[in-house]
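Scroll down for the structure; my scribbles are underneath it.
Values in this text are rule-based calculations from the coordinates and carry no lab data. Note that the coordinates shown come from a computational prediction; the quantities given were computed from them, not determined experimentally.
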Amino acid sequence: MEHVFADTDIILDLLARREPFFEPAAALFSLADQKRITLHVSSLSFANLNYLLSRQYTATKARKILMQFKTLATVLPVNDKVVELALASDFKDFEDALQYYTALQQGVPTILTRNLKDYKHAEAMVMTAAQYLKSSDACHGELRRTMSSVEP
């Protein structure tokens, strides 16, 4: 089974139904729900998502959304080593550095984000959700056809 790491922006595309990114995010998380991929997220994402969703919904509703979402993903820790690596990195965006090193330290080979430019020097494979869906073995022909009209 493939292991992929979803950055906060991909998760928010799903939970806040952000267009035009909702469809590939929904297809990605559907694969996780069907146990066709193992989806990993950073514990940092939950703090970020709670803050962002609480601006759109009540605090209670935001927490309910996150509780439902948590069933789809494995939460990875942001630990001392991750923080050290992020602080010493060349990443311009510190939050992206934390996400990147969280995935890398846990051996997750693929990172999904919409901020490709922020991961120029990444050692892991970095792509958008739509790119992953088009290229992944976890996606069978019909899903690939559905995604062929979505962003590259």
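Couplings 3J(HN,Hα) for the stretch 17-25, derived from phi with the Karplus relation 6.51 cos²θ - 1.76 cosθ + 1.60 (θ = phi - 60°), are 6, 7, 8, x, 9, 4, 4, x, 5 Hz, where x marks Gly and Pro. For His3, the amide hydrogen comes within under 5 Å of the amide hydrogens of Thr38, counting only partners 5 or more places away or on other chains and with H modelled in the peptide plane.
Helix-only arithmetic for the chain: the sum of -39500 (n - 2.57) across DSSP H runs with n ≥ 4, divided by the residue total, places the mean residue ellipticity at 222 nm at -15500 deg cm²/dmol. Give the shape of the stretch 33-109 as rounded, prolate or oblate, defined through the alpha-carbon gyration tensor: a ≥ b ≥ c are the square roots of its eigenvalues, a/c under 1.5 means rounded, and otherwise the shape is prolate if a/b is larger than b/c and oblate if not. Oblate, since a/c reaches 1.5 and b/c is not below a/b. Coupling constants for the stretch 33-39 follow from the phi torsions by the Karplus curve (6.51 cos²θ - 1.76 cosθ + 1.60, θ = phi - 60°), and in residue order they are 4, 7, 6, 8, 9, 9, 9 Hz; glycine and proline get x.
Across the stretch 60-75, rounded Karplus estimates of 3J(HN,Hα) from the backbone phi angles (6.51 cos²θ - 1.76 cosθ + 1.60, θ = phi - 60°) give 5, 5, 4, 5, 4, 4, 5, 4, 5, 4, 4, 5, 8, 9, 8, 8 Hz, Gly and Pro being marked x. Ordered from longest to shortest, the equivalent ellipsoid semi-axes for the chain are 22, 20, 14 Å, each the square root of 5 times a Cα gyration tensor eigenvalue. Lysine pair count for the chain (Cα-Cα distance under 16 Å; residues 8 or more apart in sequence or on different chains): 4.
One chain, two ends: Arg36 and Gln105. Fully extended at 0.36 nm per residue, the span grows by 22.6 nm beyond their Cα-Cα distance.
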